[in-house]
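Notes to accompany the following structure.
The values are calculated or read from the model by the stated rules, or taken from the named source; none is laboratory data. If you're wondering where the values come from, they're calculated on a predicted model, not measured in any experiment. Here the Cβ is made from the backbone with ideal geometry for all residues, glycine too, and neighbour counts use every protein chain on show.
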Amino acid sequence: MLSEKCTAVSNRIHNLLIRRPHIVVWLILGYFVLSVLLRVIRSDSLQNDEAEQVFQAQFLLLGYGRQPPFYNWLQIGTFELFGISVATISLLKNTLLFLCCLFYWLAARMVIDDRRLSLVAMLGVLAVPSVTVLAQRDLTHAVATLCLVSLFLCLFFRTLKSPSVPSYLLLGVVIGIGVITKYNFVIIPVAAALAVLPEPDLRKRLFDWRILPCAAVAAAIALPNFLWVLSHLDAATSGTVDAMRVGSSGDAAKDTIRGLTSILISTIEGTVAVLILFAAVFFRSIGAAMRAESRWTRITGRMIIACVVIVALIGIGFGASSIREKWLSPFLLLLPLYLTLKLAAAGVDSRQSVARMAPPVIGIVTAFIVYLAISIILGPFIGQYGKEHVPYRALLDQLIDARGERPAYIVSSDQMLAGNARLNLPSVPALLPGFVQPVPLDTVRKQGPGLLVWPANAGETAMPDLLTTLLRDDNIPPETLAVQWISVPYKFARNGQSMRFGYAWLDAAPQAQR
């Protein structure tokens, strides 16, 4: 009886999607709304990128270390409107992911006459791991880049088909914003220009006088951050370069081979789900689609190849031995559109395409976010504790209760702790030695006693070097502080599992110094 009911429901959904395929847009919106709700339920402890955003949102800057500032500005605006919380962090991320899908659909509609296939392209985006797996775990700047790539495609195709001054100017705006969202975005317009060059009837768009105001607008938007990078070159580049050289052997030839191999592996990891999905839904049309070609398949295919080649050249130039999948995500986002364009060129029968693709895709990605929500409960049963198990709120509550007052400021050598401290105490400044914005210890000490706190390993008995250096620079001998240690149980802890922290209270500056 139950199986018959399930079959009946499945048939109704299938028939509904055949009759009204555009309902899939609302299903995708529902998925991202559910993602926000489940992230709020999951934990009030942050992941790496989330903690970084909460900490850095204290400062409105032109640059934030190795990342450009646009996502930070969006996050600051979201916090100003809705307050600092896990909900607002997740709301911004999932709004951008939904807009990524929406703009992708609109871009596909510009170059595909079959309205069902444009929806198929949008569904294909959900099969890209960086959109539904990596992003729901912990991505920020890369999420905004995906959204900007989709918007760029919209304006790029519009400009190629119907050039006008507004379309060129808007394209320049998107390119400029894309550059200050993540620096690898610049590869997308470069690849697009290279992809258009072999097309005689479209090549003239690159040499149109209107490309000059387009470039001027993009440059004007990116210029302030560019000037900031020039004055903070080490902070802006060292983190990324170091990450690319992780595991480097020092042998240039060997590292180049390793770097190119990592690009190949990351490309396969980022594309295999999309390829399997399209092959399963359109298995009867694979041969015809492979042979089919159009102007738009050529342009999109060249863009993908150009992007991967440029990444490889950059990797070789920087001596990269490791290129991660998330760095390729803006370029791999082009794959669903390319495959859909091949299907459109082959003239496939698309009447059941949305109905066949939507249920498994949306079902799988929904199952993944449900898994993330319950994994925080299940993890401790197998001895696995992640960042969302760390008891930041309980730690701060215990320290404040023991002291009998809230700190005027918090200093930590760990960005995760600094970000989580500000999440739980939004009105208390969180300070981090080594950040591009200097720690004004002499200023904040005038406001009252402060809390120095850091994560500590078992058996660790010393304050971190970053904190001792900070204190000495402010003429405060670290040995005069009463360093204490505390162990706080993990969330959903079993068998007494806990995390150890070190802390010390720093008294307010003497009255004479205020």
Note to self: One residue is enough: does the stretch 102-110 have a residue meeting the conditions at pLDDT 95 or above and small (G, A, S)?
What the structure shows: yes
Item checked: Qualifying position, being within 20 Å of D397 (Cβ to Cβ), touching a residue at least 24 places away in the same chain (Cβ under 8 Å), in contact with a helix residue (DSSP H, G or I) (Cβ under 7 Å, 6 or more places away or on another chain) and among the β-branched types (V, I, T), among V439, V453 -> V453
Checklist line | Test for Q56: is it farther than 14 Å from T145 by Cα and polar (S, T, N, Q) | finding: yes
Checklist line | Candidates T256, T240, filtered to the one that is among the hydroxyl-bearing types (S, T, Y) and either at pLDDT 80 or above or outside the structural domain of R356 (by TED's automatic domain parsing) (or both) | finding: T240
Note to self: What's the number of the only condition in (1) in contact with a Gly (Cβ under 8 Å, 6 or more places away or on another chain); (2) farther than 30 Å from D201 by Cβ that L148 fails to meet?
What the structure shows: (2)
Note to self: Looking only at helices (runs of 4 or more DSSP H) that lie completely in the stretch 410-487, which have at least 2 residues being under 25 Å from the mean Cα position of the chain (by Cα) and not assigned by TED's automatic domain parsing to the domain that holds Q75?
What the structure shows: 415-424
Check: Do we find a residue being surrounded by 23 or more Cβ atoms within 10 Å (Cβ to Cβ) and within 27 Å of E52 (Cβ to Cβ) anywhere in the stretch 116-125?
Finding: yes
Next item on the list: Examine the stretch 135-145 for a residue that is touching a residue at least 24 places away in the same chain (Cβ under 8 Å), hydrophobic (A, V, I, L, M, F, W, C), in contact with a Cys (Cβ under 7 Å, 6 or more places away or on another chain) and under 23 Å from V36 (Cα atoms), and state whether such a residue exists.
Entry: no
Checklist line | Condition check for R356: at pLDDT below 95 and farther than 23 Å from T267 by Cα | finding: yes
Checklist line | All helices (runs of 4 or more DSSP H) inside the stretch 128-198 with 3 or more residues being crowded, with 20+ Cβ neighbours inside 10 Å and in the same structural domain as I310 (by TED's automatic domain parsing) | finding: 129-132, 141-161, 165-179, 187-196
Note to self: I'm told A312 meets every condition in (1) in a helix (DSSP H, G or I); (2) surrounded by fewer than 16 Cβ atoms within 10 Å (Cβ to Cβ) except one. Can you identify the failing condition by its number?
What the structure shows: (2)
Note to self: Tally up the residues in the stretch 33-48 that are outside any loop (DSSP other than H, G, I, E, B), in contact with a Lys or Arg (Cβ under 9 Å, 6 or more places away or on another chain) and under 15 Å from L92 (Cβ atoms), please.
What the structure shows: 3
Next item on the list: Look at V24 and say whether it is at pLDDT 95 or above and either among the β-branched types (V, I, T) or buried (at least 18 other Cβ atoms within 10 Å of the Cβ) (or both).
Entry: no
Next item on the list: Determine the pairs where a residue that is closer than 15 Å to L506 by Cα and at pLDDT 95 or above, located within the stretch 404-433, has a partner that is of a type in the set (F, W, Y) and part of a loop (DSSP other than H, G, I, E, B) with Cβ atoms under 6 Å apart, the partner being 6 or more residues away or on another chain.
Entry: none
Checklist line | Output for the stretch 106-128, where each listed residue is within 17 Å of V281 (Cβ to Cβ) and of a type outside the set (A, V, I, L, M) | finding: D114, R115, R116, S118, G124
Margin query: Give me the residue from the stretch 261-274 that is closer than 24 Å to A121 by Cα and in contact (Cβ under 8 Å) with a residue 12 or more places away in the chain and, out of that set, surrounded by the fewest Cβ atoms within 10 Å (Cβ to Cβ).
Written below: E269
Item checked: Scope the stretch 202-225; condition touching a residue at least 12 places away in the same chain (Cβ under 8 Å), part of a helix (DSSP H, G or I) and either more than 19 Å from V165 (Cβ to Cβ) or of a type in the set (D, E) (or both); matching residues -> A222, P224, N225
Check: Restricting the stretch 488-514 to residues that are in contact (Cβ under 8 Å) with a residue 12 or more places away in the chain, not charged (D, E, K, R) and not in a strand (DSSP E or B), which is nearest to I374 (Cα to Cα)?
Finding: F492
Item checked: the stretch 349-378: number of residues that are surrounded by fewer than 19 Cβ atoms within 10 Å (Cβ to Cβ) and assigned to a loop (DSSP other than H, G, I, E, B) -> 3
Margin query: Being within 24 Å of L134 (Cα to Cα), in contact with an Asp or Glu (Cβ under 9 Å, 6 or more places away or on another chain) and either in the same structural domain as D44 (by TED's automatic domain parsing) or at pLDDT 90 or above (or both) is the requirement here; does K387 meet it?
Written below: yes
Notebook entry, point to check: List pairs: first in the stretch 85-106 and over 15 Å from I28 (Cβ atoms) and free of Cβ contacts under 8 Å to residues at least 12 places away in the same chain, second part of a helix (DSSP H, G or I) and of a type in the set (D, E, K, R), Cβ under 9 Å, 6+ apart or cross-chain?
Noted result: none
Note to self: So, in the stretch 225-240, how many residues would count as being within 12 Å of L62 (Cα to Cα) and surrounded by 13 or more Cβ atoms within 10 Å (Cβ to Cβ)?
What the structure shows: 6
